[in-house]
1. Kindly indicate which of A:Ser420, A:Ser410, A:Ser446 is more than 9 Å from chain B (Cβ to nearest Cβ) and free of Cβ contacts under 8 Å to residues at least 60 places away in the same chain.
2. Which residues, taken from the stretch B:107-130, are open to solvent by less than 80 Å² (accessible area, probe 1.4 Å) and within 11 Å of chain A (Cβ to nearest Cβ)?
3. For the stretch B:20-52, enumerate the residues that are more than 15 Å from B:Leu169 (Cβ to Cβ), open to solvent by 30 Å² or more (accessible area, probe 1.4 Å) and not β-branched (Val, Ile, Thr).
4. Which ones in the stretch A:36-70 are among the basic types (Lys, Arg) and at pLDDT 90 or above?
5. Criterion first (of a type in the set (Lys, Arg), in contact with a Gly (Cβ under 8 Å, 6 or more places away or on another chain) and within 14 Å of chain B (Cβ to nearest Cβ)) does A:Lys431 satisfy it?
6. Can you tell me which residue in the stretch A:434-443 is nearest to A:Val301 (Cα to Cα), limited to those that are crowded, with 21+ Cβ neighbours inside 10 Å and within 9 Å of another protein chain (Cβ to nearest Cβ)?
7. B:Ile55 versus (1) out of contact with any helix residue (DSSP H, G or I) (no Cβ under 7 Å at 6 or more places or on another chain); (2) more than 11 Å from chain A (Cβ to nearest Cβ); (3) surrounded by fewer than 23 Cβ atoms within 10 Å (Cβ to Cβ): which is the lone unmet condition?
8. Which members of the stretch A:38-49 meet the condition of being under 16 Å from A:Ser81 (Cβ atoms) and open to solvent by 80 Å² or more (accessible area, probe 1.4 Å)?
Amino acid sequence: MSATIDQLVNREYQYGFSTDIESDTLPPGLSEDTVRFISAKKNEPEWLLEWRLKAYRRWLTMKEPHWPNVTYPPIDYQASSYYSAPKSVKPLGSLDEVDPKLLETYAKLGISLNEQKRLSGVAVDAVFDSVSVGTTFREELAKEGIIFCSFSEAVREHGDLVRQYLGSVIPYSDNFFAALNSAVFSDGSFCYIPKGVRCPMELSTYFRINQETTGQFERTLIVADEGSYVSYLEGCTAPKRDTNQLHAAVVEIVALDNATVKYSTVQNWYAGDENGLGGIYNFVTKRGKAMKNSKISWTQVETGSAITWKYPSVILQGDNSVGEFYSVAVASKMQQADTGTKMIHIGRNTKSNIVSKGISAMKGQNSYRGKVHILPKAEGARNYTQCDSMLVGNECGAHTFPYIEVQNNSAILEHEASTSKIGEDQIFYLKQRGLDAEQAVSMIVSGFCKEVFKELPMEFALEAQQLLGITLEGSVG
Amino acid sequence: MLEIRDLHASVDGTPILKGITLTVNAGEVHAVMGPNGSGKSTLAQVLAGHPAYEITGGEMLYNGENLAEMDAEVRAQQGVFLAFQYPVEIPGVSNAYFLRAAYNAKRKAQGLDEVDPMEFLDLVEEQLKLVDMDPAMLHRSVNAGFSGGEKKRNEILQMAVLTPSLAILDETDSGLDIDALRIVANGVNALKRPENATILVTHYQRLLNYIVPDYVHVLAGGRIVKSGGKELALELEARGYDWLLEAVA
């Protein structure tokens, strides 16, 4: 039996290949010139360059946060390259002109950008290193007035909208990594849903890091106008490398009155090997602002990255707004995850719901860090938090850091937490019914994560479940 | 069907079974009785392949094959079933899904096609009646929040679905009131076939009023100290275990 376990442990990260493609890559290093270079490369308007430079100057005065429960050697920000783009990507190129090598890369990842083979019902914006290489279903979406394109294109074509909302939820000064991103972000996705429109398909961004020394700093901005609805999915993978790569993304969501935004992530960056060599440092800032009667729902399945530092949050600004956070975070091998959410209740009768499922296996360390803040005017606010941890094996760890701040006495908060261990007895019980060890673990873990999986769009729930199975394979001996 | 010869087993280096010899043929019901700590449950766990127990001597042949060399899931697929003394809870996994996965694992091992959820529901509905279980129980998480009696009935339901050749019932009567006991016993009796065998592990004679054994074995100190017919159980009920333990000592 141990032979099969060993085999499974050593199973290759499925997305670990790299694409040999000629790229325009900026030499490593970060200065005002780097920022100007990126902005010039993208023919950006003056206001955006100014915004980037303000962010950069602010970043210089900031310190990398060390409060997360993760450890890693100091990051040399001058060693990373801040821009890399395949040479063959032309600005505004149509999908038919996309380099076959890139199409092939995405096909290997299970994402078809080909007109004929597109995943029906899902529009994809494919981001490769620093640039968007193509966006599908644009014409169909445009009929509804929906804008879905790369960030760079949005700056050119819909500058006013971008200018109005960029940094309105996450200002460039928000935190160290958000400031860095604001200075050097290269591309990402932009999405605008007009008033009263229900987006007819899932929108999705697929991020791929390819270059070895490149950091990825993408930025996503989603604006849901009054009474609109959109469901958005983000996927990410990276080649297997021995070095650590930096990924510092920002996602901003604006949900205007009566709008609903559902944002789901299946994060599968390369996690490094079982000795902790390589893997992505995933330092991400995600936040939404919910106006009157609106709802923002974050669902995340975090299985990759060597280090994850991520707290998708909701500012419940408008009365009766709702914020949700459903999370499954897995830390296996030598992975470290410090993730959770912040729910900031400002409006009256605001509600938030937090369901966090942390799974630690092998030598993984998993921390839930969450904040619920009820401000003085948030009359009748409610929060429910459920925070469960599961341990697989004896060398891993689970930690919980809940912060609660209540400044209005009418608030009702509930917090439930549990820690369980996949025991020999649970596995034996399932084996005694004819299931093998992997099936047994997969069944126990799926059951544990059920409340979160049911929040994912159908197609991705299955993917997430399989991914979890693969991530945990070999963790039971 | 099952031949146990001079079986020795230990847990964490402590010997528990110290030379068990027992033959179970198809169609037979064997009761294994004994005081607490005599090794009854260990015997059940060892037969089912619990990894915590180390076999230090002797052998167990199941249809002529060495059980010790089979993984627990292979034993299960080949018809060895253990009804647990403490059935394990699996939150978030529905009983129906779990039962079907187990059923299909066995079918797959036999080279048969897996059954889909609809077919399976038809199949399991029949078995539910056997243990007087509400179909709603199928949609609850496996054993989570079940009462003691419900858990035991759920074990018998699994047994009914999986139709084992060798069923080992570990203290299935413990914690049951008289009605639940009767339901469980009726279930076990209804599943009895000439080609199947049952081993009942129990402390009390009570269960044997409902499931009549062909043989009764008394385990003490990791050995079988006395074997007999069903009347031995009644004698134990009347006299307790001490007279046997003294005789051994």
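The values are calculated or read from the model by the stated rules, or taken from the named source; none is laboratory data. Every value quoted in this text rests on a predicted model; they were computed, and no experiment measured them. Don't worry about glycine lacking a Cβ; one is built from the backbone with ideal geometry, like all the others, and counts go over all protein chains shown. Quick note on the areas: whole protein, heavy atoms, side chains included, nothing else; ligands and nucleic acids left out. Shrake-Rupley method; radii C 1.70, N 1.55, O 1.52, S 1.80 Å.
1. A:Ser410
2. B:Arg107, B:Ala109
3. B:Asn25, B:Ala26, B:Asn36, B:Gly37, B:Pro51, B:Ala52
4. A:Arg36, A:Arg52, A:Lys54, A:Arg57, A:Arg58, A:Lys63
5. Values: of a type in the set (Lys, Arg): yes; in contact with a Gly (Cβ under 8 Å, 6 or more places away or on another chain): yes; within 14 Å of chain B (Cβ to nearest Cβ): yes.
For A:Lys431, the condition - of a type in the set (Lys, Arg), in contact with a Gly (Cβ under 8 Å, 6 or more places away or on another chain) and within 14 Å of chain B (Cβ to nearest Cβ) - is met.
6. Result: A:Met443.
7. For B:Ile55, the failing item is (1).
8. Scanning the stretch A:38-49 gives a single hit, A:Lys41.
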